[in-house]
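Novice: Below you will find the structure I want to go over with you.
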Amino acid sequence: MRSVTKDNITDVFAAYFGEDTDPRVKEVLLALTRHIHDFARETNLTHDEWRKGLEFLEWAGRITTPERNEFVLLSDVLGLSSLVDMQHSVADATSSSVLGPFHVSNPPALEIGGDMKRDFDGEVLLVEGTVRDQDGQAIPHAQIDIWQTAPNGLYSSQDEDQDIHSFHGLMTADENGRYAFTTVRPVSYTVPDDGPVGEILRAAGRHPWRPSHLHYIVTAPGFRSLVTEVFPDDDPYLDEDTVFGVRDDLVMTYVQQPAGSFPEGFKLSGSVDGSYSRVDFDLVLARD
Ligand code: BEZ
Ligand code: FE
């Protein structure tokens, strides 16, 4: 086609596909291009704005490393990661939520009743629950990979003062699906905002805060792996998570427990004299 116009360019683009193109590739690429063309027409995008967009992508590429992926962060703050997640979630299983960039491979083993707090300051949080299927039956021996920030709001990979495995643990639930551990109560923290994504947040008058949370990846043979998080119901950022990760069923009450009531069966039993918090968070997996 040589008489390309601003009105027919999308149809011309569609006509250029080869006959052997994979149908799904064609569907996705065509829809993406249709939306990009409509976006440029709707906003009457100028050359300067188009160039600024490309410079933004270049900057995101320059800043991206194996430890920091600015494109994933962009997808997160635009709500795309959460939207894709929610499109494929299963109604009667625990909701999934964003993975984030701070998971580490080969986390250290954490026994049932084990402790991730060690000698870090902050309130002890006792976390307990059961891994179940959609019919309420316990799933024995599920693997639970858990991670969170230290009390300074930094993950181990962001903080030279922490061991890379600090606040990471891999637990195997028991034959009744039960898991339990202690940690320090997580804090709200900001996503990295010193790069191009931070510029977008500021330009949009948005903050970079996430409500405090614990991350989980739960796996068991025959079940879909679950990537999720648990949030306390009193966090000030619960209704404005900058990466849109909060779901109703992931918000739990962290119940304050009186001094002297810390139970037996934990690594910290006998050494927690003061009050502490406790959260029960059951995990429901969907069948494969
Ligand atoms: C996180 O929760 O670790 C996270 C999620 C998305 C972007 C940045 C951090
Ligand atoms: Fe996180």
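The values are calculated or read from the model by the stated rules, or taken from the named source; none is laboratory data. Since we're looking at a predicted model, the values are computed, not measured. No Cβ is skipped: glycine too gets one built from the backbone with ideal geometry, and neighbour counts run over all protein chains shown. What goes into the accessible areas is simple: the full protein's heavy atoms, side chains included, and nothing from ligands, DNA or RNA. Shrake-Rupley method; radii C 1.70, N 1.55, O 1.52, S 1.80 Å.
Novice: Tally the residues that are within 14 Å of ligand 1 (Cβ to nearest atom), of a type in the set (Phe, Trp, Tyr) and not in a loop (DSSP other than H, G, I, E, B), restricting the search to segment 212-244.
Specialist: 2
Novice: OK, next. Please tell me if residue 32 is open to solvent by 70 Å² or more (accessible area, probe 1.4 Å), modelled with pLDDT of 95 or more and closer than 25 Å to residue 149 by Cα.
Specialist: No: the conditions fail for residue 32.
Novice: While we're looking at this one, here's another question. Looking at (1) modelled with pLDDT under 95; (2) open to solvent by less than 60 Å² (accessible area, probe 1.4 Å), find the lone condition where residue 191 falls short.
Specialist: (1)
Novice: Oh, and also: So if I check each of 84, 77, 90, which one is of a type in the set (Val, Ile, Thr) and under 12 Å from the mean Cα position of the chain (by Cα)?
Specialist: 77
Novice: Let me ask another. Between 189, 179, 216, which is away from ligand 2 (no atom under 16 Å from the Cβ), assigned by TED's automatic domain parsing to the domain that holds residue 110 and either among the acidic types (Asp, Glu) or closer than 23 Å to residue 277 by Cβ (or both)?
Specialist: On inspection, the qualifying residue turns out to be 179.
Residues checked against (1) free of Cβ contacts under 8 Å to residues at least 12 places away in the same chain; (2) in contact with a helix residue (DSSP H, G or I) (Cβ under 8 Å, 6 or more places away or on another chain); (3) within 17 Å of residue 197 (Cβ to Cβ):
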| residue | (1), (2), (3) |
| --- | --- |
| 2 | yes, no, no |
| 9 | no, yes, no |
| 31 | yes, no, no |
| 37 | no, yes, no |
| 64 | yes, yes, yes |
| 68 | no, no, yes |
| 71 | yes, yes, yes |
| 79 | no, no, yes |
| 87 | yes, no, no |
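Novice: Here is a list: 77, 131, 84. Which entry is surrounded by 18 or more Cβ atoms within 10 Å (Cβ to Cβ), closer than 22 Å to residue 238 by Cα and aliphatic (A, V, I, L, M)?
Specialist: So the residue among 77, 131, 84 that is surrounded by 18 or more Cβ atoms within 10 Å (Cβ to Cβ), closer than 22 Å to residue 238 by Cα and aliphatic (A, V, I, L, M) is 77.
Novice: If we scan segment 256-275, do we find a residue that is without any contact (Cβ under 8 Å) to a residue 24 or more places away in the chain and surrounded by 17 or more Cβ atoms within 10 Å (Cβ to Cβ)?
Specialist: no
Novice: Restricting attention to segment 155-172, which residues are surrounded by 16 or more Cβ atoms within 10 Å (Cβ to Cβ) and without any contact (Cβ under 8 Å) to a residue 12 or more places away in the chain?
Specialist: Within segment 155-172, 159 is the sole residue that qualifies.
Novice: Taking segment 103-123 as the region of interest, how many residues are outside any loop (DSSP other than H, G, I, E, B) and open to solvent by less than 20 Å² (accessible area, probe 1.4 Å)?
Specialist: Residues meeting the conditions: 1.
Novice: Just a yes or no: is a residue in segment 145-154 charged (D, E, K, R), in the same structural domain as residue 258 (by TED's automatic domain parsing) and open to solvent by 30 Å² or more (accessible area, probe 1.4 Å)?
Specialist: Within segment 145-154 (the criterion being charged (D, E, K, R), in the same structural domain as residue 258 (by TED's automatic domain parsing) and open to solvent by 30 Å² or more (accessible area, probe 1.4 Å)), the answer is no, since none of the residues qualifies.
Novice: Would you be able to tell me the number of residues in segment 5-15 that are within 18 Å of residue 44 (Cβ to Cβ) and either open to solvent by 70 Å² or more (accessible area, probe 1.4 Å) or among the aromatic types (Phe, Trp, Tyr) (or both)?
Specialist: 2
Novice: What's the total number of residues in segment 87-101 that are open to solvent by 30 Å² or more (accessible area, probe 1.4 Å) and part of a loop (DSSP other than H, G, I, E, B)?
Specialist: Counting residues in segment 87-101 that are open to solvent by 30 Å² or more (accessible area, probe 1.4 Å) and part of a loop (DSSP other than H, G, I, E, B) gives 7.
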